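Each remark here refers to the structure printed beneath this line.
All of the numbers you see were taken from the coordinates with simple rules; none came from a lab. Note that the structure is predicted; figures quoted are calculated from it, not measured. Cβ placement follows ideal geometry from the backbone for every residue including glycine, while neighbour counts extend to all protein chains displayed.
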Amino acid sequence: MTAPSPPAALRACAAGIYTHEAGISLLIANRTFLSRGDFTSRFITRDTATGMAAIDWAATIAALDAGEIPCSGGEQRTLRLAASIAGGIPVSLSDAITGLDRRNLSHLLAAIRHASGEEPAEML
């Protein structure tokens with residue numbers, strides 16, 4: 001038996017908590033961070049017994065603020081928004097939503113709807 005992929009393990013851990021599901025879905029939809037070993041090895045803790053995984057949002061944003069996570073401006077905004085939705089990390093919406101492209105804005109709006117309790121839509 002193989003370990004679940006990072007997205008599947010994160011979804012399993014977040015299941016049933018709308019804000020956690022929404023933030024994880026936003027991060028997954030971004031398609032950047034979960035494919036990077038430097039991110040997954042440092043900020044994701046996996047429990048092989050349960051097949052679940054969790055992100056340390058506070059450590060992630062602290063490292064982002066310290067310039068330790070190389071990424072584009074849009075990726076940085078998405079990471080901050082996901083951390084805010086899932087981890088309660090404060091974010092300036094004025095800074096975070098300015099400049100989002102149509103795809104990422106669509107994913108953000110779906111995440112906000114999900115966090116509010118609406119049935120989640122698939123994010124590609």
> Do you know which of the residues in the stretch 47-58 that are more than 10 Å from ALA9 (Cβ to Cβ) and within 13 Å of the chain's Cα centre (by Cα) is surrounded by the most Cβ atoms within 10 Å (Cβ to Cβ)?
Replying inline: ILE55
> Does the stretch 4-24 include one or more residues that are in contact (Cβ under 8 Å) with a residue 60 or more places away in the chain, of a type in the set (Ser, Thr, Tyr) and part of a helix (DSSP H, G or I)?
Replying inline: yes
